[in-house]
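Comments concern the structure below.
The values are calculated or read from the model by the stated rules, or taken from the named source; none is laboratory data. What you see is a predicted model, and the numbers here were worked out from it, not measured in a lab. Neighbour counts are summed over all protein chains in view; Cβ atoms, including those assigned to glycine, are modelled from backbone coordinates with ideal geometry.
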Amino acid sequence: MFEFLHQKVNETINITDEEFEYAKTLFIPKKLRKKRFLLEEGEPCIYTTFVEKGLLRSFTIDEKGNEHILQFGMEGWWVADLYSFLTGEPSEYNIEALEDCELLLITKSSWDLLLDEVPAFERYFRILIQNNLIATQRRLMGTISTTAEERYTKLLHDFPRISQRVPQHMIASYIGVTRETLSRLRSQMTSG
């Protein structure tokens, strides 16, 4: 179950087999069935999670009952409420499986131990967090400076199979439009 994690780590940093064997001892393998929650709003996020297989979404629900999707977590991605994970504060997000998932979980104490014992992992997570910050800034700027059609086109370009794996109402939520707006966009794009 750890082969994909090993591959993804090696794409970012150099790590010895001994270091990776040690790292494996700190993770908790977990299978999560579709529509089950890895995290619910109000609970502390006690794991950061590597997605070996499957698809999750991180979202919140506003006071009007509208869902706002922050992230989809696909194979090879890490998913967590990083603020809650690092501080122990209750999470503002839900993380739900959209497909049956195979996950590798690591607690904050095990994560800290991994960073202390294997300095290469500190570099690995620093690079991931830097890349996440850049992606978040770009997504925020895109949300405030591009049209819904541009956001939808970018999502399809960046994740070509997303529309086969995620219901359209969730794609609409992710790009910040209503289902009806997305439906109009899709028909305009196919007819134009």
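Structure values in brief
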quantity	calculated
Contacts under 7 angstrom Cβ, first residue in segment 118-138 being in the same structural domain as Phe20 (by TED's automatic domain parsing), partner surrounded by 12 or more Cβ atoms within 10 Å (Cβ to Cβ) and of a type in the set (S, T, N, Q), 6 or more apart	Tyr124/Thr12; Ile127/Thr12
Set Ser187, Ser110, Ser163: member being at pLDDT 90 or above and not in a loop (DSSP other than H, G, I, E, B)	Ser110
Answer from Ile13, Ile46, Ile28 - the residue that is within 21 Å of Tyr124 (Cα to Cα), under 16 Å from the mean Cα position of the chain (by Cα) and surrounded by fewer than 20 Cβ atoms within 10 Å (Cβ to Cβ)	Ile46
Subset of segment 152-171 (residues that are crowded, with 16+ Cβ neighbours inside 10 Å and over 17 Å from the mean Cα position of the chain (by Cα))	Tyr152
Test: Leu105 is loosely packed, with under 15 Cβ neighbours inside 10 Å, in contact (Cβ under 8 Å) with a residue 12 or more places away in the chain and aliphatic (A, V, I, L, M)	no
Hits in segment 116-172 - residues which are farther than 18 Å from Gly73 by Cβ and small (Gly, Ala, Ser)	Ala120, Gly142, Ser145, Ala148, Ala172
Among the candidates Phe72, Phe85, residue that is in the same structural domain as Glu11 (by TED's automatic domain parsing), in contact with a strand residue (DSSP E or B) (Cβ under 6 Å, 6 or more places away or on another chain) and closer than 20 Å to Val166 by Cβ	Phe72
